[in-house]
Amino acid sequence: MQPFNLHHYNGDTSLDNFPLSNTSRFLAGGTNLIDLMKLQVETPETLVSLAKWEKANAITEDDNHYYIGAMVSNSDLAKFAHTQPALSILAQALLSGATVQLRNRATTAGNLLQRTRCYYFYDTTKACNKREPGTGCSAINSMNRIHAIFGTSEHCIATHPSDMAVAMMALNAQVHTQQPNGNTRQIALRDFYREPGDTPHIENHLEDDELITHISIEKKANGTQYYHKVRDRSSYAFALVSVAAGLKIDDGRVKDLTLAFGGVGTKPWYPQKAIRVLEGAEITPEVISQAAEAELSSAKTYGSNDFKPELLRRTLEKVLLEIAEHQEKHPEHEGALYDNA
Amino acid sequence: MTTHNAKTVGTSVSRVDGAAKVTGQARYAAEHMSERAPLIGWVVSSDTAVGEITSLNTEQAEQADGVHAVITHINAGPLKPFSKPADESRFTQSRAVLNEPHIRHFGAPVALVIADTLEQARYAASLVSYTINGKTPDLLTEFDDATQKPESLDGGFEADASSGNKPQQRDIRASIHTTYTTPSQISAAMEPHATVADFKDGKLEVYCSVQIIATAVEALAITLEMDVEDIVVKSPFVGGGFGSKLGLHFDATLACIGARHLERAVKVVLSRRQVFYNTPHRGHSTQQINLACGDDHALLSVQHKSAMPKAKGYEFAEATGAGARVTYKSQFIESTHRVKDVDLPLIDSTRSPGDAIGSLAFESAIDELAHEAGIDPLTFRIKNLPVVHPMKGTRFTTHNLGECLRQGAQNFKWQHKAQPTPGKKIGHGVASAMRMNVLVESSAEVELSANGEVTVRTDMTDIGTGTYTILTQIAADTLNTSVDNVTVKLGDSRYPASCGSGGSFGAASSGSAVKKACEALIANIKSSLPPTLSQAEVHISGGQIKLVPSAKGDINGTTDVHSLDDFMSHSDFPLSASGKVSADDTSDDEQYSCGAHFAEVEVDEYTGEVRLLRQYGLFSAGQILNIKTAASQIKGGMVWGAGYALTEGIHHHTDTASFVNPDFGEYHVAVNRDISEVSLDFLQEPDYAASPVGAKGIGELGITGAGAAIANAIFDACKVRVRDFPITMDKIIAGYN
């Protein structure tokens, strides 16, 4: 680990007091950043710890929105979401990620900003444009089983690893931020991430000195919900493919669909083309297949991830057929498809 | 009050070291509190697989805060070149590193930075710069590239073996010609390899994590060019070995080099990534299997050909064909092994060498042939069981595979499947397990104190298997005393040399040595008594030695217990005796532990995801010394088997001969949620031809066949046969299409 300066932000002082730049990092739960610093994948000169920022630990709500503080732990958010039928998909996604121990430390904002699990990003003996811009991408022509098929470029094919962000993408969450000059802004999560292009080291639209304060999610019914994560072992593994879906059916047709994919994109993937096919449609294997094809028309595979389009198609079919069947039987249902999810 | 202590061998006794382990009193190597607080060493690893170090700059690191030394091939001190002398065994040969500018594999140590704290050492290590003129590494990519015939295989098997005549084409009713592949794998012990070494007045004291103590001392003496008498090795607790700690590795070599250089205590703990590169892994295998059977479903032909990589300069090749040679009788059997020298980290014993991956392939192939021939795979196996060794015609001391399969199938409820949930299919699978048993030379001493306390000493190790407990039981039962009255001391090179832990031989070999030592102690006591008392049993309880009338004879015409007060007051305590077992204590007949594995799985019709529902095994391994620890060990093996079937595999980065996934985030050891019900039973049948305690090995029995039962269950469920392990969902859905 490189030596660094440590500062503490408690929410009361101004961010102006800290030397924020592209060599500074905010330290939240540390479950990802500290590991990366030990491996010298991340070598910040300045850390601004958010551990004393008590105010950011709260979840509040009004008639129309939930507000989730940046420092709310993944465990606490999962516990809360589990009590809200319309947020079942978020609870399911959170609980499918990492381990209890990590979820107790990991935070909401930190989860959105976690770095890829690309093997080569972690291995400092290998070229990686995300870690060291301009050195090349080791993944494109090597083992790339866990890599992306959507949003890739010749410079980077790494996936965004978050489960929580996939559910939030589906739920159209809004990211709220502040800057040292006092400016605040709201960015839709669906617009928050950047595709790698030729700058894969820049992963989102935050400024270097910009701090996420909270996330908001609009209150609305999401019907029967299912987060299905397909992975190489049943726990403590990142998604090869995940599908976050919430569905309301009216008169045999899709009335409201909430959908996003994980494990397949360079960012949590919002499948607009698939959604367009499914909106108002009757859920049948044929329609699902058309939706998958529509989305997969822009997919590109790289060898050892050639299986992902077919796995995504099959996972989407499984998830949508199962929740549609449940909605047909229980049209007013709101919450998890499976009780134990 | 009774002086009789119930026999404990064959019952469930909780671990005698359990409380110490769960309260943190049992110190593992890295936790050892040496007399002098250790400095911390951090390894600088090579970024190149093979080549010569052409430049090395350590100046910046040497000047960093807290740094005491940076050790490289220039200042490492006298070292014998790696794997020399050639005529030593592989666990006593030199384990040198930093002895030359030559780099043998990716991740190999280039330097050791020693500092006051871990953080200082690790940071300073990042300041060491070097260049290596890398050469293109040799790897094994094609079956036919493995052309070298190994001199012999692990376990003493010949590389090639053949028996009988090839069948006539007209006699063949069904046949299969198939190729299976298994990936490179790692032992994945929980405790990383770690050593605290102290060097003082020319003497070296080493706390490390190792399965065999005596060879570790010899290896250090050879490596460091020191005298054996000047080295003490201690390994009282080992947090899992699975083959990866049979010999010493670079943590130990480097800590000793550092301690000798500075005349200080030095600790080196390998990080998980360093464990992947600086300790052994198992090579990937390609196994070509051709099988044929006749009209009566009798096997006519078994051909097994194996190709694997072998680490350059290190003599280890595993017998993947061992199971094909012994499990079923067949008119014709042929088994060959070929290797290719590669520039990879050490390739050595990993979780049941030979049989773990041999059984994955062979027991899957047997299943394929049964389906091809249209016969139930359980019936097919039972039909083809041998009475004598299928190739050699030699006798087995005992052979209970048939009973394991038949009784096991009943216990498991073979082919009585639960109703699958919608969208899933359920399957059952079976596989046989045969694991060779050996008795290895082992010594122990026992001591009886004046207040009647028993102490056993041997340099045997307990790698989490329960050695402390079973040796306590054996001593207590043989001396007719309670387990509470026995203290077993292990893992210290000053104690009598044992077999160590490995190859499934530890319990029977070291247990028999302890039994013989205790018998010798009793004989010593009786030798001082009048012959009229010689039929009575010696018991030890309440701080006294007592004579108890046995079925064979009473004492001086009475049935009273007789305290040997006289004997005790005239004896010179502590009384002690030694025991030793060797090849003379075991039969020349074929010795195998065996078992039958059964698995029930559920496979998703859409996504190909596999969920284990049940694993069951019935095993025969002679006298089971402790039902509880034995069952735990076998269950662990069955879980490892599930890992081999479903999740585990090292991915190679071929350009650099490095590993793509050298950590537990991406090398997928099965986790709790992957495993469902695991249960087992033993057929209890002491095999005194195998060992004086009647036990045979169980260490590697649990994993052998466990994975194949799962693979066969997957086929039964979804009719997709995946021949490239591990069986991940992408390979299953490829079979759906």
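The values are calculated or read from the model by the stated rules, or taken from the named source; none is laboratory data. Just so we're clear, the structure is a prediction, and the values are computed from it rather than from any experiment. Note that we place each Cβ from the backbone using ideal geometry, even for glycine, and neighbour counts take in every protein chain shown.
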Among (1) within 27 Å of the chain's Cα centre (by Cα); (2) part of a loop (DSSP other than H, G, I, E, B); (3) surrounded by fewer than 24 Cβ atoms within 10 Å (Cβ to Cβ); (4) among the β-branched types (Val, Ile, Thr), B:Ile375 falls short only on (1)
Flagged in segment B:686-737 as among the basic types (Lys, Arg) and either part of a helix (DSSP H, G or I) or modelled with pLDDT under 95 (or both), in numbering order, are B:Lys731
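So, A:Phe80, is that one surrounded by fewer than 22 Cβ atoms within 10 Å (Cβ to Cβ) and either aromatic (Phe, Trp, Tyr) or touching a Cys at 6+ places or on another chain (Cβ under 7 Å) (or both) or not? It would help to see each step written out before you state the result.
Details: surrounded by fewer than 22 Cβ atoms within 10 Å (Cβ to Cβ): yes; either aromatic (Phe, Trp, Tyr) or touching a Cys at 6+ places or on another chain (Cβ under 7 Å) (or both): yes.
So A:Phe80 passes the test.
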(1) touching a residue at least 24 places away in the same chain (Cβ under 8 Å); (2) closer than 30 Å to A:Asp250 by Cβ all hold for A:Asp209 apart from (2)
Determine if segment B:385-406 includes at least one residue that is modelled with pLDDT under 95 and either in a loop (DSSP other than H, G, I, E, B) or more than 23 Å from the chain's Cα centre (by Cα) (or both). no
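Among the residues of segment A:145-157, which ones are surrounded by fewer than 24 Cβ atoms within 10 Å (Cβ to Cβ) and in a loop (DSSP other than H, G, I, E, B)? Full working, then the answer.
Of all residues in segment A:145-157, those surrounded by fewer than 24 Cβ atoms within 10 Å (Cβ to Cβ) come to A:145, A:150-151, A:153-155.
Within segment A:145-157, A:Arg145, A:Gly151, A:Glu154, A:His155 qualify.
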query = Looking at this structure, is B:Asp663 under 30 Å from B:Asp724 (Cα atoms), crowded, with 19+ Cβ neighbours inside 10 Å, at pLDDT 95 or above and within 14 Å of chain A (Cβ to nearest Cβ)?
reply = no
### Message
I'd like to know if segment A:222-233 contains one or more residues that are in contact with a strand residue (DSSP E or B) (Cβ under 8 Å, 6 or more places away or on another chain), outside any loop (DSSP other than H, G, I, E, B) and farther than 30 Å from B:Ser676 by Cβ.
### Response
no
Residue set A:Ser298, A:Ser289; condition modelled with pLDDT of 95 or more, in a loop (DSSP other than H, G, I, E, B), of a type in the set (Ser, Thr, Tyr) and not assigned by TED's automatic domain parsing to the domain that holds A:Ile89; output residue A:Ser298
* Does at least one position in segment A:321-331 carry a residue that is assigned to a helix (DSSP H, G or I), modelled with pLDDT of 95 or more and touching a helix residue (DSSP H, G or I) at 6+ places or on another chain (Cβ under 6 Å)? -> no
Over segment A:110-136, the set of residues aliphatic (A, V, I, L, M) and either within 10 Å of A:Pro200 (Cβ to Cβ) or touching a residue at least 12 places away in the same chain (Cβ under 8 Å) (or both) is A:Leu112, A:Leu113
Turns out the strands (runs of 3 or more DSSP E) fully within segment B:214-316 with at least 2 residues that are over 22 Å from the mean Cα position of the chain (by Cα) and not hydrophobic (A, V, I, L, M, F, W, C) are B:285-293, B:299-311
A careful count of residues in segment A:33-67 that are closer than 22 Å to A:Leu77 by Cβ and basic (Lys, Arg) gives 2
When (1) away from chain B (no Cβ under 12 Å); (2) loosely packed, with under 15 Cβ neighbours inside 10 Å; (3) touching a strand residue (DSSP E or B) at 6+ places or on another chain (Cβ under 9 Å) are applied to A:Asp339, the one that fails is (3)
Taking segment A:136-188 and the residues there that are of a type in the set (Ser, Thr, Tyr) and under 11 Å from the mean Cα position of the chain (by Cα), the one that is nearest to the other protein chains (Cβ to nearest Cβ) would be A:Thr159
Residues in segment B:629-650 that are within 14 Å of another protein chain (Cβ to nearest Cβ) and surrounded by fewer than 21 Cβ atoms within 10 Å (Cβ to Cβ) total 1
